[in-house]
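The values are calculated or read from the model by the stated rules, or taken from the named source; none is laboratory data. If you're wondering where the values come from, they're calculated on a predicted model, not measured in any experiment. Here the Cβ positions follow ideal geometry from the backbone for every residue, glycine too, while neighbour counts run over all protein chains shown. Accessible surface is based on the protein model in full, side chains and every heavy atom, while ligands, DNA and RNA are left aside. Shrake-Rupley method; radii C 1.70, N 1.55, O 1.52, S 1.80 Å.
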Amino acid sequence: MSDTACREAPVHEHLELPFFEQQQRDFARKLNEFAASGVLKNIDHHDTDSACRKLVKLLGQAGLLDSVTGNSGKTEIDSRSVCLARETLAWHDGLADFAFAMQGLGTGAIGLAGSDELKQHILPKISSGEWLSAFALSEKEAGSDVAAMQCAATQDGDEYVLNGEKTWISNGGIADVYTVFARTGEAAGTRGISAFVVYATDPGFSIAERLEVIAPHPLATIRFDNCRIPASRRLGAGGEGFKIAMRTLDIFRASVAAAALGFARRALDEALNHARNRQIFGATLSDLQLTQAALGDMATELEAATLLTYRAAWRRDVQKLPTTQQAAMAKMAATESAQMIIDRALQMFGGRGVQSGAITEKLYREIRSLRIYEGATEVQKLIIARELLKTV
């Protein structure tokens with residue numbers, strides 16, 4: 001590596017922590033080899049849909065998607081491996097991280113509550129990268145407040161008829177299979193929601209609108225107009241949809257924190273390299289005490305968020321304990337600290353930091369949505385407080 005070049009892969013010193021076993025260390029090595037091979041540099045990000053399809057295919061061919069589907073539903077998902085994958089991929093390419101994560105989030109409920117037939121039909125196609133998946137929970141008036149959900153599924157014999165819309169659906173418009181949550185009316189509020197599998201080819205399913213955001217990825221509002229599906233595609237029992245959604249999010253919420261770690265670690269790496277080489281006032285930027293203070297803050301925030309993130313994943317994998325509070329802490333701390341770290345890195349680069357296409361500019365756009373999706377920071381604070389108040 002030259003004096004002016006940033007390293008080509010993240011350093012995972014935290015792999016030596018007791019949170020990890022050899023299988024996670026081997027998986028991290030495999031991830032680094034994949035990401036550093038150059039395959040991600042050949043992706044045309046100007047065509048986001050095609051880029052995501054290609055990334056999913058590459059990840060599937062490399063055998064990396066097994067980690068987010070539990071080896072096509074044959075084994076339990078290892079949260080530490082999912083977190084390591086997201087951290088590593090986010091360091092290299094935000095869209096690669098997105099493509100990987102959605103294959104897990106979109107089918108997590110199928111692995112948790114789907115019939116053997118559904119698992120066998122869907123999960124191998126997701127693991128191989130043949131199909132893309134999506135998680136359809138949010139609505140225009142039901143984001144953080146899931147109980148306000150209006151999309152409905154009415155049972156008609158051995159079928160369900162879905163009507164309504166879902167919005168802010170990642171992979172919307174390109175996914176082959178959607179996990180959809182709809183009101184079935186068994187009880188009021190969240191106890192009257194069920195989960196279903198819907199295919200993009202089902203009659204009555206359509207894309208109402210494609211949505212554009214500051215860090216481009218496939219996103220859409222999807223519509224159901226008398227969309228009939230077999231009752232066998234319901235996941236779990238009627239009225240269990242909210243519980244299934246929360247169990248799915250508990251698995252993957254810590255991985256959102258891990259993606260934030262990847263973005264933050266890349267920003268810190270870029271800032272360190274720039275500070276060591278940028279000549280200013282007859283010295284380097286790193287000689288200035290203000291720069292050193294900023295770097296000290298950035299590194300400490302990153303280390304703290306790393307420990308929270310992998311503590312949550314370890315607690316789920318090894319201790320087999322609920323992680324609602326721990327994952328919320330990790331998600332909140334990692335995304336908020338990553339925003340700060342990336343902002344400070346961009347500030348060090350000055351005008352070059354905001355130039356379109358600069359790494360810091362890309363990271364600045366990538367991190368912003370992580371503070372919102374899968375539960376905004378404000379929601380994470382409420383989750384943490386409620387879990388604390390449950391304790392005796």
For segment 226-298 and segment 31-67, distance of Cα centres in Å: 19
Stretchable slack from Arg53 to Ile214, in nm (0.36 nm times residue separation minus alpha-carbon distance): 56.0 nm
Rounded tilt (10° steps) of 359-370 against the dominant C-alpha axis of the chain: 30
FRET efficiency, Ile207 to Asp116 (Cβ-Cβ, R0 35 Å, nearest 0.05): 0.70
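What FRET efficiency would be calculated for the residue pair Glu303, His46, taking the C-beta separation as r and a Förster radius of 41 Å, to the nearest 0.05?
Once rounded, the FRET efficiency stands at 0.70.
So if I place +1 on the C-beta of Lys and Arg and -1 on the C-beta of Asp and Glu, and nothing else carries charge, what would the dipole magnitude of segment 42-113 be about its Cα centre? I want it in debye, nearest 20.
Taking the Cα centre of segment 42-113 as origin, the dipole is about 180 debye.
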Net dipole in debye of the chain [+1 Lys, Arg Cβ; -1 Asp, Glu Cβ; about Cα centre; nearest 20]: 360
Descending semi-axes in Å of segment 153-263, equivalent ellipsoid built from Cα gyration tensor: 26, 19, 11
Residues in segment 203-237 reached by a label modelled at Glu186 [backbone nitrogen below 11 Å; 7 Å Cα→Cβ]: 235-237
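In percent, what relative contact order does the chain have, based on Cα pairs under 8 Å that are 6 or more apart in sequence? Don't skip to the end; give the middle numbers.
On the way: 745 pairs, mean separation 60.2, N = 392.
Relative contact order here is 15 percent.
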Of Thr284, Ile342, Ile372, farthest towards positive along the dipole that unit charges on Lys, Arg, Asp, Glu beta carbons give segment 279-392: Ile372
Fully extended contour minus Cα-Cα distance, from Ala231 to Ala283, at 0.36 nm per residue: 11.7 nm
Theoretical ellipticity at 222 nm over the chain - DSSP helices of four or more residues, -39500 (n - 2.57) apiece, nearest 500: -16500 deg cm²/dmol
Area accessible to solvent at Lys57, 1.4 Å probe radius, in Å²: 80
Net charge over other residues, Cβ less than 10 angstrom from the Cβ of Ala101 (K, R count +1; D, E count -1): -1
Inter-probe distance in nm under a simple model that places probes 7 Å from Cα toward Cβ, at Asp158 and Met246: 3.4
Cα extents of the chain along the three principal axes, largest first (Å): 79, 52, 40
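Based on the mean of other beta carbon atoms within 10 Å per residue, what is the order of 325-336, 351-362, 169-180, most packed first? Please list the in-between numbers first.
Working: 325-336: 25.9, 351-362: 14.3, 169-180: 24.1.
Going by the mean number of other Cβ atoms within 10 Å, highest first, we get 325-336, 169-180, 351-362.
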His12 - accessible surface, heavy atoms, 1.4 Å probe, Å² rounded to 10: 20
